[in-house]
1. I'd like the distance between the alpha-carbon centres of the stretch 79-114 and the stretch 263-298, rounded to an integer number of Å.
2. Mind ranking Tyr213, Tyr234, Tyr141 by accessible surface for me, highest first, 1.4 Å probe?
3. When the distances between all Cα atoms of the chain are binned every 10 Å from zero, what whole-number percent does each bin get?
4. What figure, in Å² to the nearest 10, do you get for the accessible area of Glu82 with a 1.4 Å probe and non-protein molecules left out?
5. For an R0 of 30 angstrom, estimate the FRET efficiency from the Cβ-Cβ distance between Lys79 and Ala105 and round to the nearest 0.05.
6. Report the Stokes-Einstein translational diffusion coefficient (µm² s⁻¹, integer) for the stretch 216-307, Rh taken as the Kirkwood radius over Cα pairs, at 10 °C with viscosity 1.306 mPa s.
7. Report Cys281's accessible area, 1.4 Å probe, all protein chains in place, as a number in Å² to the nearest 10.
8. As a test of the formula, what do you get for the chain when each DSSP H run with n ≥ 4 contributes -39,500 (n - 2.57) and the sum is divided by the residue count, at 222 nm and rounded to the nearest 500 deg cm²/dmol?
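The values are calculated or read from the model by the stated rules, or taken from the named source; none is laboratory data. From a predicted model like this one, the values you see are computed outputs, not experimental measurements. Every residue, glycine as well, gets a Cβ built from its backbone with ideal geometry; the counts of neighbours run over all protein chains shown. When the accessible area is computed, the model is the full protein with side chains, heavy atoms only, and any ligands, DNA or RNA have been set aside. Shrake-Rupley method; radii C 1.70, N 1.55, O 1.52, S 1.80 Å.
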Amino acid sequence: MSNSILHPTGLFDNSAKDYKHIQAVPLASAMGAEIRGIDLSNVSDEAMAEIEDAIYRHKLIYFRDQDISFSDHEKITLKLGEFGTDAYTKGVVGHENIQPVIMEADADTKMVFGSGWHTDSAFLDVPPAIALNYGKDMPPYGGDTMFANSVLAYNSLSEGMKELIAPLKVWMSAKKVVAAMQAEKQSQQSGKVSKLGSIDLDPDTVKMVEGSYHPLVRVHPVTAEKSLFVDGTYANGIEGLSEDEAMPIINYLFKFATQESFTCRLKWESKTFIMWDNRICLHQAFNDYQGFRREMYRTTIMGEKPQ
Ligand code: SIN
């Protein structure tokens, strides 16, 4: 029996489909679903096809109680595509595509990796399509991740606004993140490699700030859904407009896209594995678990130039 939950606007349907190999349990009416009945370390191609369908339908999916090694994580990722580019780290030793997202209990930082609403590496020419994070050792409380559905956001705009923004290109640049990282590095007076909490960062900051121009209204290459490609971290301008002209538009769209009713909030447990559609989701992490260790690993799937 599918559990029918339609968003109150009537503009998004997050109800569960009846799958053969997995069971989807929706998290919120805006997006998200827990997937049950699967051991990700040993998943058939048929089940993986349903999992991929569930990623596109629910935008974020999560699996509880998964025992996943680095090589399992790599195998699951490769079932969905090629590894994506990571602009921030060189991966863990022996597994360059597995990015550590770790905060030690005694880390002394005001920043946290993944804070502020963003889509991953939006400043790249080819941002990642899907992200797969494994929460190996998670705090007993705090450290949740929030997600926002930017298809629902686009669908909820007026026809006039949709027309207005249709031809625009957004400048995605990591200028704010790079400035914050440099300030953090100075305050730690560390060497060449900067640290964010417990993560060694080794980014090419010039390229990250240069960034890329992408369509503000993005069309999903698999589902053909239109979405708002805007966030509060990397969206820093609009092609052909001055900063004074562009930022009010970006700030309006960003606030609109992240209103509570378009979001869901994931409460992690240790051994939770998640997958989200980075093309059409915003997400943010919080620095609200000081004194607890949070150990997570991330891979991404190579995307395409946004259209
Ligand atoms: C990220 O991959 O952006 C980090 C998410 C998180 O730490 O919850």
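1. Result: 13 Å between the Cα centres.
2. Details: Tyr213 105, Tyr234 10, Tyr141 140 Å².
Largest accessible area first, the residues go Tyr141, Tyr213, Tyr234.
3. 6, 28, 36, 23, 6, 0
4. Looks like 130 Å² after rounding.
5. Details: r = 34 Å, r/R0 = 1.13.
In this case the efficiency is close to 0.30.
6. Working: Rh = 15.9 Å.
Estimated diffusion coefficient is 100 µm²/s.
7. Estimated to the nearest 10 Å², Cys281 gives 0 Å².
8. On the way: 7 runs with 73 residues, N = 307.
After summing the helix terms and dividing by the residues of the chain, the value is -7000 deg cm²/dmol.
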